[in-house]
Amino acid sequence: MKNIVILGAGTAGTMVANHLRGKLPTGWTLKIVDPDPLHLYQPGLLFLPFGTERQERLVRPRGNTLKRGIEWIQQGVEKVDADARQVVLEDGERLSYDILVLASGSQIRPEETEGLLGDHWHQTAHDFYTLDGATALRRALAGFDGGRLVVNVVEMPIKCPVAPLEFLFLADDYFTHRGIRDRVELVYATPLDGAFTKPVASATLGYLLEQKGIKVESEFNTGEVDGEARLLRSWDERELAYDLLVSIPTHGGAPFVAASGLGNELDFVPTEHRSLLAKNHDRIFVLGDATDLPSSKAGSVAHFQSGVVADNVLRTIAGKSLVEGFDGHSNCFIESGGGKALLIDFNYDVEPLPGHYPVPGLGPFDLLAESRRNHWGKLAFRWIYWNALLPALPLPLPSRMSMIGKRRPPDKVAA
Amino acid sequence: MTTLEAVGKTIELNNEGFLLDADQWTPELAETLAETVGLGPLSDKHWQVITFCREDAAREGQSPGLRRISKLSGVSMKELYQLFPKGPGKLAAKVAGLPKPQACI
């Protein structure tokens, strides 16, 4: 018997497994390793703190998300021994593979920032990238009667790079509904040189921050947090006081990546941009948040990558050359508050542009512009996620980005 | 787009002052680019960072982030802020003739 082993049964790993199920030649088995009994719908975490989503609606038993015939091994991974083509599991057992798929995601690492963890963690300093964090933040927001709320991105890359902005837009809404918006100061502290860094998005969406009264502290690289004094200190010694901190901590890959010597400085795995093969390893593919690719760490990226990885796994089995199928394609809905949302669609080479998606001229979704339809699209997306994306059903959305239906403003042609 | 007359050539920069054509970069041009962002003459330490950034970008296909620079170039975070005040990642990329470190939007 020959084995395909997938590490991680989150969005990316589950989609690859379900893609491959039923397509493998006789003599090949499919195993997926993940210690967690539940599959979490991560896009829902954004809504938990505001009480517009409930924890029980965001999780499903992992077993229900994997097609019959996929063997799920419910264990953690100690390390990958790439020379021996084996995975060492938590209990010491060794699992041999012929082809390995790394879909082990990314995790927040608040411990990387001096002073971020402490008695104040999940009291006055929060995250919303974990179920515990988002739930604690819900309590903190409910008890917040005014003051300065700082959303701080510690460093890039992070999962879902637009989520911090969405959080601020939804916070503006939330405090407005509670009638205390005038007593709350919203501040976005980012290590980048602005809330929007791409020229067309920046020109098109800059108004949102002004309209919603969100202050931006740019090029703020957090060096330490003083939880008692409620202060952020940057590496260039700027101080930023807060009453409530919503931190998006440093992200890193799974701990076993470091133990296996497969990762970069943040334990993300160096990956070929278009074939998704691990650099220097001809039997390891990587996708989703686990890669070091300059594409976004987002579910849509994992979706577009999953077809390419499944295809390349089958090609490796058949002894064919790999497809250079991934172009960095990503699309995401961005909640902008007030029951509206934006949609962006882009890849390695093309920045987010205005237009319509997926049908040129018709949409129904508007690119790089606010609309109610986009918001409904974001909400409908949860159903699509569980019922079409995870089971890897064929969708009428090409994995490569299309320029059809997009407009590039004339003055931005050679930005 | 803007242009800069330097090292006997017309150098094309984007609206934020980043080099458009990476092949136009030379060490002399780096000195000129450094002046445009208010950095004095480049020291050996500056060059240690710039050289690392260029080699790393050639290998990885993207400008290195701040953590990567501080971890792998041998220059500490504190020093990076002294050498390239305010935004070391962005300034080092600019002087090294690399694209600006970006987010998706």
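Before moving on, here are some points about what is shown:
- The single condition from (1) free of Cβ contacts under 8 Å to residues at least 24 places away in the same chain; (2) away from chain B (no Cβ under 14 Å); (3) touching a strand residue (DSSP E or B) at 6+ places or on another chain (Cβ under 6 Å); (4) not acidic (Asp, Glu) that residue A:290 fails is (1).
- Single unsatisfied condition, residue A:143 versus (1) under 20 Å from residue A:223 (Cα atoms); (2) among the small types (Gly, Ala, Ser); (3) more than 11 Å from chain B (Cβ to nearest Cβ): (1)
- Some residue of region B:47-58 being away from chain A (no Cβ under 12 Å) and among the aromatic types (Phe, Trp, Tyr): yes
- Taken over region A:300-318, residues that are surrounded by fewer than 24 Cβ atoms within 10 Å (Cβ to Cβ) and within 14 Å of chain B (Cβ to nearest Cβ) amount to 1.
- Within region A:31-42, tally of residues that are surrounded by fewer than 21 Cβ atoms within 10 Å (Cβ to Cβ) and of a type outside the set (Asp, Glu): 6
Yes or no, residue by residue, for (1) of a type in the set (Val, Ile, Thr); (2) modelled with pLDDT of 95 or more; (3) assigned by TED's automatic domain parsing to the domain that holds residue A:16:
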site: A:213; (1), (2), (3): no, yes, no
site: A:217; (1), (2), (3): no, yes, no
site: A:228; (1), (2), (3): no, yes, no
site: A:241; (1), (2), (3): no, yes, no
site: A:246; (1), (2), (3): yes, yes, no
site: A:261; (1), (2), (3): no, yes, yes
site: A:267; (1), (2), (3): no, yes, yes
site: A:274; (1), (2), (3): no, yes, yes
site: A:282; (1), (2), (3): no, no, yes
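- Test: residue B:59 is under 18 Å from residue A:292 (Cβ atoms) and open to solvent by 60 Å² or more (accessible area, probe 1.4 Å): yes
- Index of the failed condition, residue A:169 passing every other in (1) within 21 Å of residue A:104 (Cα to Cα); (2) open to solvent by less than 10 Å² (accessible area, probe 1.4 Å); (3) of a type in the set (Phe, Trp, Tyr): (1)
- Residue satisfying condition, being under 20 Å from the mean Cα position of the chain (by Cα) and surrounded by fewer than 21 Cβ atoms within 10 Å (Cβ to Cβ), within set A:57, A:68, A:94: A:57
- Some residue of region A:209-218 being out of contact with any helix residue (DSSP H, G or I) (no Cβ under 7 Å at 6 or more places or on another chain), of a type in the set (Gly, Ala, Ser) and within 14 Å of chain B (Cβ to nearest Cβ): yes
- Filtered residue count, region A:339-360, keeping only those that are out of contact with any His (no Cβ under 9 Å at 6 or more places or on another chain), more than 13 Å from every other protein chain (Cβ to nearest Cβ) and surrounded by 21 or more Cβ atoms within 10 Å (Cβ to Cβ): 2
- Residue in region A:358-367 that is in contact (Cβ under 8 Å) with a residue 12 or more places away in the chain and either under 30 Å from residue A:27 (Cα atoms) or within 18 Å of the chain's Cα centre (by Cα) (or both) present: no
- Residue that is nearest to the other protein chains (Cβ to nearest Cβ), among those in region B:12-45 that are loosely packed, with under 15 Cβ neighbours inside 10 Å and β-branched (Val, Ile, Thr): B:36
- Residues being on the phi < 0 side of the Ramachandran plot and more than 7 Å from chain A (Cβ to nearest Cβ) - total across region B:60-76: 8
- Within the set A:113, A:197, A:204, A:176, the sole residue that is among the β-branched types (Val, Ile, Thr), buried (at least 17 other Cβ atoms within 10 Å of the Cβ) and free of Cβ contacts under 8 Å to residues at least 60 places away in the same chain turns out to be A:197.
- Scanning region A:146-167 for residues that are more than 19 Å from the chain's Cα centre (by Cα) and in a strand (DSSP E or B), we see that the one that is farthest from the other protein chains (Cβ to nearest Cβ) is A:147.
- Test: residue in region A:159-166 that is out of contact with any helix residue (DSSP H, G or I) (no Cβ under 9 Å at 6 or more places or on another chain) and open to solvent by 40 Å² or more (accessible area, probe 1.4 Å): no
- Residue within region A:217-225 that is open to solvent by less than 40 Å² (accessible area, probe 1.4 Å) and β-branched (Val, Ile, Thr) present: yes
- Taking the conditions (1) touching a residue at least 60 places away in the same chain (Cβ under 8 Å); (2) open to solvent by 30 Å² or more (accessible area, probe 1.4 Å); (3) within 14 Å of chain B (Cβ to nearest Cβ) in turn, residue A:121 satisfies each one other than (3).
- For region A:169-208, taking the residues that are under 25 Å from the mean Cα position of the chain (by Cα) and among the charged types (D, E, K, R), the one that is farthest from the other protein chains (Cβ to nearest Cβ) is identified as A:173.
- Residue within region A:284-291 that is in a helix (DSSP H, G or I), at negative phi and assigned by TED's automatic domain parsing to the domain that holds residue A:80 present: yes
- Test: residue in region A:233-242 that is out of contact with any helix residue (DSSP H, G or I) (no Cβ under 6 Å at 6 or more places or on another chain), in a loop (DSSP other than H, G, I, E, B) and open to solvent by less than 10 Å² (accessible area, probe 1.4 Å): yes
Here's the yes/no breakdown for (1) buried (at least 22 other Cβ atoms within 10 Å of the Cβ); (2) modelled with pLDDT under 90; (3) in contact with a strand residue (DSSP E or B) (Cβ under 8 Å, 6 or more places away or on another chain); (4) under 27 Å from residue B:6 (Cα atoms):
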{"residue": "B:68", "(1), (2), (3), (4)": "no, yes, no, no"}
{"residue": "B:73", "(1), (2), (3), (4)": "no, no, no, no"}
{"residue": "B:78", "(1), (2), (3), (4)": "no, yes, no, no"}
{"residue": "B:95", "(1), (2), (3), (4)": "yes, no, no, yes"}
{"residue": "B:102", "(1), (2), (3), (4)": "no, yes, no, yes"}
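The values are calculated or read from the model by the stated rules, or taken from the named source; none is laboratory data. Since we're looking at a predicted model, the values are computed, not measured. Methodologically, a virtual Cβ is constructed for each residue, glycine included, from the backbone with ideal geometry; neighbour enumeration extends over all protein chains shown. In case anyone asks, the SASA skips ligands and DNA or RNA and just uses the protein heavy atoms, side chains included. Shrake-Rupley method; radii C 1.70, N 1.55, O 1.52, S 1.80 Å.
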